[in-house]
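**Q** Sharing a structure below in structure tokens format, with a few things to ask.
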Amino acid sequence: MTYVADEELIDGLYNFLDEVLSRAVGTFERIDRVRIILDVLMPEALIKAVQTVERISLPEAENLFMDGPAYSECEREEFDILYLFYNSWK
């Protein structure tokens, strides 16, 4: 699964999708809104964003989304900091 480091972006996207879902299925009482948003709508929105930004086909965007980066930018930065910290002790 693709990792998105910007929490504000994810919060904004979640709120937007929640509003869209409210308009689309406002009369349904027994739906798991969080699950629908996180398992269906958000991945589809992110795949479409990847397709648009990278200017690639939908299947290519889906593959890129599913593969995701080997490591997120935050993970790399954290590793670099830890590496420098532990090597400073030697």
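The values are calculated or read from the model by the stated rules, or taken from the named source; none is laboratory data. Treat the numbers as computed from the prediction; the structure is a model and nothing was measured. Because the Cβ atoms are built from the backbone with ideal geometry, glycine has one as well, and the counts that use them run over all protein chains shown. Ligands, DNA and RNA are excluded from the accessible area calculation, which covers all protein heavy atoms including side chains. Shrake-Rupley method; radii C 1.70, N 1.55, O 1.52, S 1.80 Å.
**Q** Could you tell me which label, among [x] 13.0, 47; [y] 27.7, 85; [z] 17.8, 64, carries the value of Rg and Dmax of the Cα atoms in Å calculated for this structure?
**A** Answer label, from the structure shown: [z].
**Q** Can you tell me which of F79, F65, F16 moves the most in a GNM of the chain? Springs connect C-alpha atoms under 10 Å apart.
**A** So, out of F79, F65, F16, the one fluctuating most is F79.
**Q** Rank A49, N87, I36 by how far each Cα sits towards the positive end of the charge dipole of segment 33-90 (+1 on Lys, Arg Cβ; -1 on Asp, Glu Cβ) and give me just the farthest.
**A** Value: I36.
**Q** In square angstrom, what is the accessible area per residue of the chain with a 1.4 angstrom probe?
**A** Details: 7590 Å² over 90 residues.
Result: 84 Å² per residue.
**Q** Right, another one. What FRET efficiency comes out for S57 versus D11 if R0 is 41 angstrom and r is the Cβ-Cβ distance? Round to the nearest 0.05. Please report the intermediate quantities before stating the final value.
**A** Details: r = 29 Å, r/R0 = 0.72.
With a Förster radius of 41 Å, E is 0.90.
**Q** Quickly estimate the mean residue ellipticity at 222 nm for the chain, helices only: each DSSP H run with n ≥ 4 gives -39500 (n - 2.57), and the total goes over all residues, rounded to 500. Mind showing how you got there, number by number?
**A** Numbers: 5 runs with 61 residues, N = 90.
Mean residue ellipticity, 222 nm, calculated: -21000 deg cm²/dmol.
**Q** What nm distance separates the two modelled labels at D18 and D32, each placed 7 Å from Cα along Cα→Cβ?
**A** Going by the 7 Å Cα→Cβ label model, 1.8 nm.
**Q** If you take every residue apart from V50 with its C-beta less than 12 Å away from the C-beta of V50, what net charge results, scoring Lys and Arg +1 and Asp and Glu -1?
**A** Value of the local net charge: -3.
**Q** Report the relative contact order of the chain, percent, no decimals, based on alpha-carbon pairs under 8 angstrom and at least 6 residues apart.
**A** Numbers: 41 pairs, mean separation 35.3, N = 90.
It comes to 39 percent, rounded to a whole number.
**Q** Add +1 for every Lys or Arg and -1 for every Asp or Glu among the other residues with Cβ under 15 Å from the Cβ of D67, and state the total. Please list the in-between numbers first.
**A** Details: positive: none; negative: E54, E60, E62.
Around D67, the surrounding residues sum to -3.
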